[in-house]
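These notes concern the structure reproduced below.
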Amino acid sequence: MDALIAPQLTWHDGDLREGLAIRLRGGVISEIRPLGRDTADLRPYLALPGPTDLQVNGGGGVLFNATPTPEGIAAIRAAHLALGTHAILPTLITDAPEVMEAAADAILAARGQPGIAGIHLEGPHLAPERRGTHAAQHLRPLDGRTMTVLRRLRAAEVPVLLTLAPERADPALLAEAAALGVVLSAGHSQATAAEAKGGFAAGVSMATHLFNAMPPLHHREPGLAAAAILSDAFVGIIPDGIHVAWPMLRLALAARPRADRSFIVSDAMPTVGGPEAFDLYGRRIRVQDGRLVNDGGALAGAHLDMITGLRRLHRDGGVALKAAVAMGTDIPRRAMRLPPLGVAPGTPAAAIATLDDRLRFQGWLGDPA
């Protein structure tokens, strides 16, 4: 597609800019410049890089744990692509060692698939007290079998995010994983504030879904949540108003020493772009009043996509649009040490999302009008 597109707002160089024109040639952005008196072919409300989601358990009826194959990965990404997310980390939650190995095989086989930015291993090295919906029988300390998987993935230069309870990890293995270039994230953890600070000093650079699966904030026992908020670590947040109440989210963001260290994730399950129920560990998970719950009523992931999360973060959470866009686009990529993706010359139009004035996904910049 060759066209001149003039969004009302364009996310460019870390800011929302008005009056810019985007020239497309051969499906690639060739120029960004002021529109001036030129006539645009299309005028969407907002153009931004398609969000990067670091926590995607499933989509389109497919759960990564149940279908750890290149085909499963492609189906999950397709479901999120249709909703405006460009890149994902397929996320394997706690499971048997052979399932983790199959997931690694699938990611290695899927290298080169558009929008597959790496893999997130959420567990099984978690605190039993904070396992949430993760299966207790598969929990285990960080061990040699996982380290072998990490070495294989990193030898192939696959970006890897590993969520674990830092207080339960062997410090030597933690240091080795960090030296491999694995991004370590504290989550599903019972860590005290002191233990969390120790983890951050030892190479943990992130916290997984802030407030969830960690001790609640307490004025005498601040725990992992307070340590993460007050650190320079990157912090992921599920912006659905269910996993974190909006006032708590705003308090956390206001207390952070650096505004560029918080990002959003979907924690999406197969119901996103798919049917309203699926099976996890042999139990039925269903959407109920916007929540994903198991048969005991406990939360089990989220029924959320990134564009909806960005919109809710701004509209319901009261976060400025500029900050909300950064939290869905630039910041998660920096957190995972991924190459930047911007509305800039050389970027494929198919990686740039357009939203309407209600912040709903309209399509990709390269789509025909």
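The values are calculated or read from the model by the stated rules, or taken from the named source; none is laboratory data. None of the values given here were measured: they were computed from a predicted structure. So basically every Cβ, Gly included, is an ideal-geometry build from the backbone, and we count neighbours across all protein chains shown. Keep in mind that these areas ignore ligands, DNA and RNA; they rest on the heavy atoms of the full protein, side chains included. Shrake-Rupley method; radii C 1.70, N 1.55, O 1.52, S 1.80 Å.
Select from the stretch 253-288 the residues that are surrounded by fewer than 16 Cβ atoms within 10 Å (Cβ to Cβ) and either without any contact (Cβ under 8 Å) to a residue 40 or more places away in the chain or out of contact with any helix residue (DSSP H, G or I) (no Cβ under 9 Å at 6 or more places or on another chain) (or both) and list them in ascending order. Hits for the stretch 253-288 are Ala254, Ala255, Pro257, Arg258, Pro275, Glu276, Ala277, Asp279, Gly282, Arg283, Arg284, Gln288. In the stretch 339-366, the residues that are more than 18 Å from Leu83 (Cβ to Cβ) form Cβ pairs under 7 Å with partners that are of a type in the set (S, T, N, Q) and surrounded by 20 or more Cβ atoms within 10 Å (Cβ to Cβ), at six or more places apart or across chains, as follows: Val343/Thr10.
Condition (residue is β-branched (Val, Ile, Thr) and more than 23 Å from the chain's Cα centre (by Cα)) applied to the stretch 197-213: is it met by at least one residue?
Going residue by residue through the stretch 197-213, those that are β-branched (Val, Ile, Thr) are 204, 208.
After this cut, where a residue has to be more than 23 Å from the chain's Cα centre (by Cα) as well, the list is none.
No: zero hits.
Taken over the stretch 127-167, residues that are of a type outside the set (A, V, I, L, M, F, W, C), at pLDDT 95 or above, part of a helix (DSSP H, G or I) and buried (at least 18 other Cβ atoms within 10 Å of the Cβ) amount to 3.
For the stretch 168-199, give me each residue that is in a loop (DSSP other than H, G, I, E, B) and of a type in the set (D, E, K, R). Scanning the stretch 168-199 gives a single hit, Asp170.
Report yes if some residue within the stretch 215-237 is surrounded by fewer than 22 Cβ atoms within 10 Å (Cβ to Cβ), at pLDDT 95 or above, within 22 Å of Asn57 (Cβ to Cβ) and of a type in the set (Gly, Ala, Ser); otherwise report no. No: the stretch 215-237 contains no residue that is surrounded by fewer than 22 Cβ atoms within 10 Å (Cβ to Cβ), at pLDDT 95 or above, within 22 Å of Asn57 (Cβ to Cβ) and of a type in the set (Gly, Ala, Ser). One residue stands out in the stretch 85-126 among those that are of a type in the set (D, E, K, R) and not in a strand (DSSP E or B): the one that is surrounded by the fewest Cβ atoms within 10 Å (Cβ to Cβ), namely Glu98.
Among the residues of the stretch 305-337, those identified as part of a loop (DSSP other than H, G, I, E, B), open to solvent by less than 10 Å² (accessible area, probe 1.4 Å) and either among the polar types (S, T, N, Q) or more than 23 Å from Val183 (Cα to Cα) (or both) are Gly317, Thr329. What do you reckon, is Gly72 open to solvent by 30 Å² or more (accessible area, probe 1.4 Å) and either within 30 Å of Met100 (Cβ to Cβ) or modelled with pLDDT of 95 or more (or both)? In short, no. The residues of the stretch 1-50 that are among the basic types (Lys, Arg) and either open to solvent by less than 50 Å² (accessible area, probe 1.4 Å) or touching a residue at least 24 places away in the same chain (Cβ under 8 Å) (or both) amount to a single one, Arg43.
Just give me the residues in the stretch 243-252 being in contact (Cβ under 8 Å) with a residue 12 or more places away in the chain and farther than 20 Å from Phe64 by Cβ, in sequence order. Scanning the stretch 243-252 gives Val244, Trp246, Met248, Leu249, Arg250, Ala252.
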